[in-house]
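The next block holds one structure in the form of structure tokens; read it before the comments.
The values are calculated or read from the model by the stated rules, or taken from the named source; none is laboratory data. Computed from a predicted structure; not experimentally measured. Backbone-built Cβ (ideal geometry, glycine too); neighbour counts: all protein chains shown. Just so you know, the surface numbers come from the protein's heavy atoms only, side chains and all, with ligands and any DNA or RNA stripped out. Shrake-Rupley method; radii C 1.70, N 1.55, O 1.52, S 1.80 Å.
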Amino acid sequence: MEARYAELRRAVEETAAVDAHAHNLVDTASSLPFLRCFSEADGDALAFAPHSLSFKRSLKEIAALYGCEASLEKVEEFRKAQGLSSIGSKCFQAANVSAILVDDGLAFDKMLELEVHKEFVPTVGRVLRIEWLAETIINDDSFSGSSWTLDSFTETFVAKLKSVASKIVGLKSIAAYRSGLEIDPCVSKTDAEDGLRKELTGQRPLRITNKSLIDYLFTCSLDISVQSHLPMQIHTGFGDKDLDLRKCNPLYLRAVLEDERFAKCQLVLLHASYPYSKEASYLASVYSQVYLDFGLAIPKLSVQGMVSSLKELLELAPINKVMFSSDGYAFPETYYLGSRRARDVVYRVLSAACEDGDLSIEEAIDAVEDIFRRNASDLYKLNVANGSIHQKTMIADSTIASSCVEQDVLFVRIVWNDASGQHRCRVVPAGRFYEIARNKGVGLTFASMGMTSFCDGPADGTNLTGVGEIRLMPDMSTLLRLPWSTREEMVIADMQIRPGEAWEYCPRYVLRKVTKVLLDEFNVTMKAGFENEFYLRRKLVSEGHERWVPYDNSSYCSTSSFDGASSILQEVYSSLKAANIVVEQLHAEAGKGQFEVALKYVLCTLAADNLIYAREIIKSVARKHGLIATFLPKPDLNDIGSGSHVHLSLWKNDQNVFMGSNEYSHYGMSNVGEQFLAGVYHHLPSILAFTAPHPNSYDRIQPNTWSGAYLCWGKENREAPLRTACPPGVPLDMVSNFEIKSFDGCANPHLGLAAIVAAGIDGLRKGLKLPEPIESNPADYATKLKRLPQDLLESVESLAADKTLHELIGDKLITAVIAVRKAEIDHYSKNPGAFGDLIHRY
């Protein structure tokens, strides 16, 4: 069954989720005990938490993430040693969350401000708890309790709600905790006034519990919710011991749901309403305004309890009304556990629905997108832009008013990367993009994937012409607000024949296709991390002639070189961080004005997208400073070349399976790792047609330049094109990943990675073995080792004869790639001076 649903599993694991309900993190110095990470209990009852199924499962999952012993003591030691920044980054990256919506009305000791959360997640939205707002007003020392009347209090309460309506994504009520869910939407002002007077006679700070006053506040808030198009989250079902579970059944909300004044108010029932999940499902099926959120129930219940609860929600409720949240709070681990367990439970429930015939696999995959991202994005009217939340103005016909959108965002760049590795974009005014292009795409000629680095027309032999059109379909999960141009956004596009039907020449589709084969056949995914080397150059005008000269003349890892470019690199780093791209290291390289920015490894499909954005960010920030950044492999034939070295690892069930073990280790590799790497080794001459795709690439790949000129591999051998690596934290007799040196900045990252995956699949299918490693400079064995292709033509000839890559990548695309490569070989052999212009293209 697992193999049959491999594509569903991949969708569940790779969908970047919107976490629609969570709470603030706390500083590590907070008095809140870490044991609260596992339980809603407090006081003496908390001591029993380690005996629950949820605790035992969750502790093992956290320990596995941290690579430490599965004991509470060891996990706490690891947390203390690593610090909040480190564990937060680890947890949120593993959670694969693109946005969190935070109810900051739950107070903790040393609670962190919302803005701090952007260190871990690019997009953070605020949910305003109405009871917290009311209590804040009443407890304000500047107001005298005796002077309050219901009218004056209501005026202040409503004014404050309206003043923040444009700055929040939703409201929330915890009426269930105070007086229960049997809300009277027609509560009289007399009863509410009496309730306010009773509350004001109590001790400060006040905690509102009077039912009439709470019902009145709830109703006032619903009025604002309707006016401002803000959803209202409502606590339902279980929670801590303060609530009376008998009064938390969502069926008690029927009077509110039947009130015509609030028919357009979208109400979100939180926590799967457990143990009233069936009742919540029924309400969502018969009331258009009811939506469901299953946070807290997942991950706090047992596995069977979580599965049962989600199944009950989906028994009647429309799938486009059910959404994920972690209900994360205080500790980054709660976000991770919520996401990890939700993905597993959703997969179990949807695959079972497929087995039962309720869903097709395609429908189940679409349901994953609904549950983890689309439903929350639509409900909370979000445009998740990797760093900000923009609420879209709603109008009567449910479209987005162009003029309103364009007050915030003017242009959206729809980006693709062609067969020659060039970044290109179509720019659409934001109003038209969100009204039309977002869902229907924009047209693009077939010829676009046949263009070269010297001519914007299709190369002969590509079989691509100006006749015929595809659709550039924006992948909204990649939407980015440009840090260097804040009224613009950028989104990476898929190439489709028509919406929903992939074009076989689309690089992103090809990478997804081969990674699906890897997953289906071997239950393995590949992660990738790129090291971006580039040159900074400044303009020099002398006697009317313009030249671009090195930014500086310093040496490898020079402190003065980094210091001179520090302001530029700081802005690069901040922009990458805003794009949720994690930088691991930066330093000056050996060339004049050359630098490197190393990115953290992620799933290879995301790594390819991130590389496109990283190049865009680096080039744009440099341009802003009056410089150019070029990724050309060899911009100066007398200086060091630039690569885009990629580190690759294999993963199964969140475990690195490239690395060897006590049971099997071949030079630190697992059997799977060795076979995969052997496939890459065997096909490396053909792979170079994708990863070193330009004639200029071969000026870089020379002996004694750390670029990998000979066909060989070695452990920690930087002269080998394939280097197995043992980074800090990995046992010295093991390796955790391998590096390909012969990958450069002219490569289309999706096609380059696709070729590598295809080669690895061949190695796994055939059980290929590696030759012995080379443990010194390969040039010392020049008479025994085979040179890798010394020019692009040799690589192209290898690719043309490589049946495996033809089969897995596709004959038509490879035919086009070969034609583009041959056209460039011919052009640059006849026009060697044309290389000089390429610093503006790469």
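Could you please give the count of residues in the range 147-157 that are surrounded by fewer than 15 Cβ atoms within 10 Å (Cβ to Cβ) and part of a helix (DSSP H, G or I)?
Residues meeting the conditions: 4.
Just give me the residues in the range 40-76 being part of a helix (DSSP H, G or I), open to solvent by 30 Å² or more (accessible area, probe 1.4 Å) and closer than 22 Å to Leu243 by Cα, in sequence order.
Across the range 40-76, the qualifying residues are Gly43, Asp44, Ala45, Ala47, Phe48.
Considering the range 413-456 alone, what residues qualify as being part of a helix (DSSP H, G or I), touching a helix residue (DSSP H, G or I) at 6+ places or on another chain (Cβ under 6 Å) and more than 22 Å from Asn748 (Cα to Cα)?
Matches in the range 413-456: Ala430, Gly431, Tyr434.
Specify which of the listed residues (Asp460, Asp456) is of a type in the set (Asp, Glu), open to solvent by 40 Å² or more (accessible area, probe 1.4 Å) and in contact (Cβ under 8 Å) with a residue 24 or more places away in the chain.
It is Asp460.
Could you grab me the full set of residues in the range 251-278 that are of a type outside the set (D, E, K, R), open to solvent by 60 Å² or more (accessible area, probe 1.4 Å) and part of a helix (DSSP H, G or I)?
Leu251, Tyr252
Can you give me the number of residues within the range 552-610 that are aromatic (Phe, Trp, Tyr) and part of a strand (DSSP E or B)?
1
Tell me which residues, restricted to the range 624-638, are out of contact with any strand residue (DSSP E or B) (no Cβ under 6 Å at 6 or more places or on another chain) and closer than 16 Å to Leu838 by Cα.
Leu632, Pro633, Lys634, Asp636, Leu637
Within the range 345-375, can you find the residues that are surrounded by 16 or more Cβ atoms within 10 Å (Cβ to Cβ) and either touching a Pro at 6+ places or on another chain (Cβ under 8 Å) or outside any helix (DSSP H, G or I) (or both)?
Leu359
With the requirement that a residue be part of a helix (DSSP H, G or I), open to solvent by 10 Å² or more (accessible area, probe 1.4 Å) and not hydrophobic (A, V, I, L, M, F, W, C), what does the range 279-298 give you?
Glu279, Tyr282, Ser285
Going through the range 729-761 one residue at a time, which ones are among the charged types (D, E, K, R) and either surrounded by 24 or more Cβ atoms within 10 Å (Cβ to Cβ) or over 24 Å from Leu611 (Cβ atoms) (or both)?
Matches in the range 729-761: Asp733, Lys741, Asp744.
So, of the residues in the range 1-39 that are β-branched (Val, Ile, Thr) and out of contact with any strand residue (DSSP E or B) (no Cβ under 7 Å at 6 or more places or on another chain), which turns out to be least open to solvent (accessible area, probe 1.4 Å)?
The qualifying residue least open to solvent (accessible area, probe 1.4 Å) is Val12.
How many residues are surrounded by fewer than 17 Cβ atoms within 10 Å (Cβ to Cβ), small (Gly, Ala, Ser) and over 20 Å from the mean Cα position of the chain (by Cα) when one looks only at the range 77-106?
Going through the range 77-106 one residue at a time, the tally reaches 2.
Filter the range 620-650 down to the residues that are in contact (Cβ under 8 Å) with a residue 12 or more places away in the chain and basic (Lys, Arg), then identify the one that is surrounded by the fewest Cβ atoms within 10 Å (Cβ to Cβ).
Lys624
Which is at pLDDT 90 or above and touching a helix residue (DSSP H, G or I) at 6+ places or on another chain (Cβ under 8 Å), of Ile400, Ile371?
Ile371
Can you go through Leu751, Leu768, Leu764 and tell me which one is in contact (Cβ under 8 Å) with a residue 60 or more places away in the chain and either in a loop (DSSP other than H, G, I, E, B) or among the hydroxyl-bearing types (Ser, Thr, Tyr) (or both)?
Going through Leu751, Leu768, Leu764 in turn, just one is in contact (Cβ under 8 Å) with a residue 60 or more places away in the chain and either in a loop (DSSP other than H, G, I, E, B) or among the hydroxyl-bearing types (Ser, Thr, Tyr) (or both): Leu768.
Restrict the check to the range 412-419 and report whether at least one residue is under 20 Å from Glu616 (Cα atoms), β-branched (Val, Ile, Thr) and surrounded by fewer than 17 Cβ atoms within 10 Å (Cβ to Cβ).
No, the range 412-419 contains no residue that is under 20 Å from Glu616 (Cα atoms), β-branched (Val, Ile, Thr) and surrounded by fewer than 17 Cβ atoms within 10 Å (Cβ to Cβ).
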